[in-house]
1. Can you give the Kirkwood hydrodynamic radius of the range 155-304 from its Cα pairs, in Å with one decimal?
2. Enter the angle in degrees (range 0 to 90, nearest 10) between the Cα long axis of helix 311-329 and the first principal axis of the Cα atoms of the chain, meaning the one along which they spread out most.
3. Which angle from 0 to 90°, rounded to the nearest 10, does the C-alpha axis of helix 155-174 make with the longest principal axis of the chain?
4. Can you compute the modelled spin-label distance between residue 288 and residue 400, with each label point 7 Å from Cα toward Cβ, in nm?
5. Give me, ordered by chain and number, the residues 5 or more places off residue 112 or on other chains with an amide H under 5 Å from its own placed amide H.
6. Can you tell me, using C-alpha contacts under 8 Å and at least 6 residues apart, the relative contact order of the chain as a whole percent?
7. Considering all alpha-carbon pairs of the range 1-160, what whole percent are spaced by more than 22 angstrom?
8. Nearest 10 degrees is fine. How inclined is helix 113-128 to the longest principal axis of the chain, computing both from alpha carbons?
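Just so you know, all these numbers are worked out from the coordinates, no wet-lab data involved. In this text, all values refer to a predicted model and were calculated from it rather than measured experimentally. Reconstructed Cβ throughout: ideal geometry from the backbone, glycine too, with neighbour counts over all protein chains shown.
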Amino acid sequence: MNGNIVVGQSGGPTAVINSSLAGVVSKARELGVSKIYGMHHGIEGFLKDDLIDMSKYIKDDSDIEILKRTPSAFLGSCRYKLPKIEGNEEVYDKIFEILEKHDIECLFYIGGNDSMDTIKMLSDYAKLKNKPQRFMGVPKTIDNDLPITDHCPGYASAVKYIATSLKEVIRDNESFGAEKPTVTIVEIMGRNAGWLTAGAALAKGDDCHGCDLIYLPEKPFDMDDFMARVKKLSVEKHSVVIAVSEGIKVADGRYVCEIDAANVRIDAFGHKQMGGTASYLAQKVADATGLKTRAIELSTLQRAGTHLASLTDINEAFSVGYLACQAANDGKTGEMITIDVKSRNPYEVGYSIHDIHDIANVERPVPAEWISEDGTGIEEGYIQYARPLILGQLEPLYVNGLPKHLVLTDEDDAN
Ligand code: F6P
């Protein structure tokens, strides 16, 4: 590669998104790329020519090691969708002007299905205008809903956090032998795909009873059936723990979290901002039964918990970044790195590249055969799929008793 590179992070962060950044930077350093730029807040920042010189932060392997252990998007993220090319050529011309100004030969974007649209649009525009720059997608999303790839970096670490938290919550919930049980409802992210909530099923084992009910957005949520099940369980047990996806919907298509919400916010990708499903259901149960209830929203914690990240996930996140840079160096463009699982037991993966047009904007749901018939549990097929992904851990580097992170310190970058 003769020119420079730029890498951006987009969409919701994950516990390992910086490991992918570390992968891109490591390969670029190996290739002797002279300038490695980061986009400050994704393509939105890039459009303002807001770039970070990575050499200020990554000087040696020890910086790479801290970056791999740093949660959230080191470069800053954004939720910004490029407009359609027709009628908006000035936006694209601006991007290519900035690419040319900094002699950037390859652009890497670490993100989910909406973010892969950026790679699709930029590679399409380059083809249309005969531009030489290359564009590669690096998969990332806790939602695990990108098609083609077996799973997405970020997912396994969020699942490890979710299943660990559920084991802890279930133990706590069981600790009082009260006459009346406590009903705890735990809300898990994932918007329209139930992959993350399915991860709650991993809590069950020799030392944990697991969740009593698990609800994914892939099946319509029946409020009457839910209330009847909770009442029955509360007679049979002194502890009831239920996992719900933030995106569960009733039969008429409304999200449970919007049934009572006066205002539902919409983000820049056009998605409704979720949250409040567990609170809504816990209140309903309390009103109908008089039982003690708790609502727990795992919210940001489940995607920011790098201290509990899966080593398998960290390594795969690094590899997809590293291989994207290698593929761009080999002349590839308009593609994304995918993870192919060759064997689940023993676990063995390989990597491929795939046309971005089959990936951008496509949401892959949890397969129907992995959701129980009555829509309240998870089948063994999922457990076999997910179990190897959460294996291993990487010890944080502790300073003053807390994990150390890499941060943007330069005054120009930090604001
Ligand atoms: O797309 C990843 C994700 O974490 C979803 O699971 C969740 O619905 C959404 O982002 C939350 O978005 P925000 O960070 O804007 O609250």
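1. Taking every pair of different Cα atoms in the range 155-304, averaging 1/r and inverting gives 15.5 Å.
2. 30
3. Between helix and principal axis, roughly 20 degrees.
4. For residue 288 paired with residue 400, the spin-label model returns 4.9 nm.
5. Sorted by chain and number, the residues that satisfy this are 140.
6. 23
7. 38
8. On a 0 to 90 degree scale, this one is about 20.
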